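The values are calculated or read from the model by the stated rules, or taken from the named source; none is laboratory data. In this text, all values refer to a predicted model and were calculated from it rather than measured experimentally. Counting neighbours? That spans all protein chains shown, and the Cβs are built from the backbone with ideal geometry, glycine included.
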Amino acid sequence: MSGRRRRARRSNRAGTTIVARLAIVVGLLVMVFGVVAPAVGANYARIQATAGCDGAVSWQASASTEGTAEERTNERVLVEYRALGDGSGTSGGWAAAGPVGSFDPDGDFRFSGTFTLPPDAAGAELRVTPQVAWGPDRDGDAPGDPRFARVEIPASCEDLPLAVAQQLDCDDGVVQVSVRNVGDAATEAELTVDGAVVRTLDLAAGADTLVTVPILDARATQVVVRAGELVASDQVHGADCEVRGPAAVVLERCGVATPQAVVLARGGSAETVVQLRVQGAIVHRSNVAPGATLQRTLELPEGESEVEVTLDGEQAAVGDVGGCDGPIAGLLSCGTAGRPSCAASSAAPPPVEAPPPPPPSLTIELEDLPRTGPWERALVLLLGGALLGGGGLALAARDRSRVRPSELAAVLAPYRQRWWDRD
């Protein structure tokens, strides 16, 4: 009877051990699955926009900040809008807010644009939608659902005494900004370029002015005209202009205690030596990578100073800075607005040959795995942890249930064996 009990007890312990070890293995597999399975919507697009009193809407689309550079890359992203009527309801269908863009490291995973609302519109609803799977090879997360933004023309624009129009000229590399005072009293307006005040305009009643703002082609430049806290016009220009080679622009920064100049210089198809001079003295010299843009802010002495930019020894921009007056808010780059072209930019940069494909590598495809969201992932990890904990507790309970050997029996065992041997 005691032997059968011992055999049954050993059999139960063996069964408990197998079940506990199986629970531990399954728990490990479940937790690995919860960690490895790709998450739904790990990457997504974002959209933000502002509207000026002139009905121009400036927007910026950007990728979410989570993940690596490859995970945040998307080669085709569409931004659309539909106008809002006076009752804040939509009027009409969706229309493209600009050309299809992309999120990539070169563009800091963002791009922007501007469109003008219909005359009777009170605002707009915007949406941004990735068109292809994420990743440079389109093998990452699914495109995901669109994201939305809403913008309305401020009601205070009815009291704005300014009428503003902006016109981009890619061939000359400038934006013509026309400002007219439609009020009955004199007013003051500020013109800013990329956040820097480049002109303060004093306009009598009924007066108007035209300001030429130089820009670098293929670079997004924000031009804003405001009267006090009211934004009369806010537009982004130049991102779609064709790159024609090295160029430079110098903008005066007005309204600051010390005169300043903001210098933008782009290199050509090869590494370019950029040199900045103030009153003939070299204040900066650096090598700019092919196609890269250098931006520097220079502190200038009181009064007007001659600022010169040279690219590989060739003068790209020169002029007096510091007066903050005159019709041109800055210095035009070579090759724009009638200025002679830079010798280095007489031809477009040569096309870059694609590198040979890398050798095939061993990859583990995860596309066939079910995709999990945050709650599903949490439940999977919780289940795996429960199985691991249950298996460990079962093994611990089995060890504690074992009969401990008697010390007295161990001492008498040799003598018992001799007694049986004598018989």
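Provide a single number: the residues in region 96-124 that are surrounded by fewer than 19 Cβ atoms within 10 Å (Cβ to Cβ) and either in contact with a His (Cβ under 7 Å, 6 or more places away or on another chain) or part of a strand (DSSP E or B) (or both).
3
Quick one: would you say residue 313 is surrounded by fewer than 12 Cβ atoms within 10 Å (Cβ to Cβ), modelled with pLDDT of 85 or more and assigned by TED's automatic domain parsing to the domain that holds residue 265?
Spelling it out, residue 313 is indeed surrounded by fewer than 12 Cβ atoms within 10 Å (Cβ to Cβ), modelled with pLDDT of 85 or more and assigned by TED's automatic domain parsing to the domain that holds residue 265.
Here's a check for you: in region 207-260, which residue that is among the charged types (D, E, K, R) and assigned to a loop (DSSP other than H, G, I, E, B) is modelled with the lowest pLDDT?
Of all residues in region 207-260, those among the charged types (D, E, K, R) come to 208, 217, 219, 226, 229, 234, 240, 242, 244, 252-253.
Filter again for assigned to a loop (DSSP other than H, G, I, E, B), leaving 217, 219, 229, 240, 242, 244.
Values: 217: 83, 219: 86, 229: 81, 240: 81, 242: 83, 244: 75.
Once the filter is applied, the top-ranked residue is 244.
Tell me which residues, restricted to region 56-84, are closer than 21 Å to residue 134 by Cβ, of a type in the set (Val, Ile, Thr) and touching a strand residue (DSSP E or B) at 6+ places or on another chain (Cβ under 7 Å).
Scanning region 56-84 gives 73, 77, 79.
Could you pull out the residue among 174, 164, 193, 182 that is in contact with a Pro (Cβ under 8 Å, 6 or more places away or on another chain), closer than 19 Å to residue 222 by Cβ and modelled with pLDDT of 85 or more?
Testing whether each residue is in contact with a Pro (Cβ under 8 Å, 6 or more places away or on another chain), closer than 19 Å to residue 222 by Cβ and modelled with pLDDT of 85 or more leaves just 174.
Name every residue in region 126-148 that is part of a strand (DSSP E or B) and surrounded by fewer than 18 Cβ atoms within 10 Å (Cβ to Cβ), in order of residue number.
Keep residues of region 126-148 that are part of a strand (DSSP E or B), which gives 126-130, 147-148.
The answer is 147, 148.
In region 149-179, what residues are closer than 26 Å to residue 94 by Cα and assigned to a loop (DSSP other than H, G, I, E, B)?
Those that are closer than 26 Å to residue 94 by Cα and assigned to a loop (DSSP other than H, G, I, E, B): 153, 154.
Hey, any hits in region 261-283 for a residue that's more than 14 Å from residue 310 (Cβ to Cβ), part of a loop (DSSP other than H, G, I, E, B), polar (S, T, N, Q) and modelled with pLDDT under 90?
Checking region 261-283: at least one residue is more than 14 Å from residue 310 (Cβ to Cβ), part of a loop (DSSP other than H, G, I, E, B), polar (S, T, N, Q) and modelled with pLDDT under 90.
Taking the residues in region 153-170 that are among the charged types (D, E, K, R) and exposed (fewer than 13 other Cβ atoms within 10 Å of the Cβ) as candidates, determine which candidate is nearest to residue 53 (Cα to Cα).
By that ranking, first place goes to 158.
Which of the residues spanning region 171-191 are within 17 Å of residue 52 (Cβ to Cβ) and of a type in the set (A, V, I, L, M, F, W, C)?
175, 177, 179, 182, 189, 191
Would region 26-44 turn up any residue that is modelled with pLDDT of 90 or more, surrounded by 14 or more Cβ atoms within 10 Å (Cβ to Cβ) and not in a helix (DSSP H, G or I)?
Within region 26-44, one or more residues are modelled with pLDDT of 90 or more, surrounded by 14 or more Cβ atoms within 10 Å (Cβ to Cβ) and not in a helix (DSSP H, G or I).
Using the structure shown, decide if residue 75 is in contact with a Phe, Trp or Tyr (Cβ under 9 Å, 6 or more places away or on another chain), surrounded by fewer than 22 Cβ atoms within 10 Å (Cβ to Cβ), at pLDDT 85 or above and not in a strand (DSSP E or B). Give the steps one after another, and end with the answer.
Details: in contact with a Phe, Trp or Tyr (Cβ under 9 Å, 6 or more places away or on another chain): yes; surrounded by fewer than 22 Cβ atoms within 10 Å (Cβ to Cβ): yes; at pLDDT 85 or above: yes; not in a strand (DSSP E or B): no.
So residue 75 fails the test.
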